[in-house]
Amino acid sequence: MARQSPHACGRSVSTTAAAIAVSLLLIQCDRPAPESPEVVPSPEAAPAPALVPVPATALSRVDLLNAARRAEQAYAEGRVETQPDPLIGRSFAIRMAFACNGPSTPDAPATGLAQWAWGPDQRTIRIRLAPADWTGSNLVTPAGATASPSGWEAVEGFWVARPWLTTEACPVVHLDPLTPTQGAPSPQTLGLAAVFEAGGSRLGRRDGKAYEHTVRPQGDQPLASPSQGYRLLLEGRIVGFPGGRAIQCRAAGPDQRPVCVAAVQLDKVAFEDASGATLSEWRPG
């Protein structure tokens, strides 16, 4: 029996080892590469909702009264406001009750306040409002000046009746049994000055002409005195005085309550009944 050469045996072992190594290498090559973890994109942040500016509501009677109290307090203290006035440019809608205690008396102011009177044989009611002429008045003259602003061609005034009352309804006051007479009304201390610039539009200017309306009976029913009075509605925008303040106050002495006036542009004047129904209205144009 022929004997295998030791060198041949060594070559066989080496060949076998090489074959095994190649097989292992091929197995490694055939094995699929490990999958990389899936990258999940982070969700995009939702865009912030656009901020829609909320329009400022129209100033009410209460807002005007509060602003006037602050203005008269600053005036009485000699305090000069330096911050921009937030009322400039704001719209307003102010209602005032009138005809709360019967027809207007002969001593009632002829201008600046709404009034009513019976027509012939008390078959009609006449409502009337004549704006006051405040052109050149010290009510609209800036402090330290001797005349109203030169840029204003005309100023028509309207008093805000009963500035101590925040409600738009007629006051409920019981007569004092110790007072034999009703007494004279308190002086007016708060007003709206409708200003008209020189060279500007004349639409809306009354030039002394009153706002007037006649209430007539329904059918043959006689008219009754309005138990809850009527309402005067003034709408517009606050334009302010040349110094940048919406309201200006003046007083003749330290022991007198200041009289305060807001400079405005009027857009609507209306008479209403106690329920808010419009009787007549006027707009520029």
Give the Rg (one decimal place) followed by the Dmax (whole number) of segment 152-235, computed from C-alpha coordinates and expressed in Å. 18.2, 56
Classify segment 218-285 as rounded, prolate or oblate from the Cα gyration tensor: take a ≥ b ≥ c as the square roots of its eigenvalues, call it rounded if a/c is under 1.5, otherwise prolate when a/b beats b/c and oblate if not. oblate
For A76 and S137, extending 7 Å from Cα along the Cα-Cβ vector and measuring point to point gives, in nm, a value of 2.2 nm
Would you kindly state how much longer the chain becomes between Q221 and A198 on full extension, computed as 0.36 nm times their sequence separation minus their alpha carbon distance, in nm to one decimal? 3.4 nm
Estimated distance in nm for a label pair at K268 and I88, the labels positioned 7 Å out from Cα along Cα-to-Cβ: 2.7 nm
Need one word for segment 58-210: rounded, prolate or oblate. Basis is the Cα gyration tensor (sqrt eigenvalues a ≥ b ≥ c); a/c below 1.5 gives rounded, then a/b vs b/c decides. oblate
Projected label distance in nm at S186 and A277, using a 7 Å step from Cα toward the beta-carbon: 3.3 nm
Nearest 20 debye, what's the magnitude of the dipole of segment 184-272 about its Cα centre given +1 on Lys and Arg Cβ and -1 on Asp and Glu Cβ? 220 debye
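Computed from the coordinates by the stated procedures, all read-outs in this text should not be read as laboratory data. Given the structure is predicted, the values throughout are model-derived calculations rather than measurements. All Cβ positions, glycine included, derive from the backbone under ideal geometry; neighbour counts span all protein chains shown.
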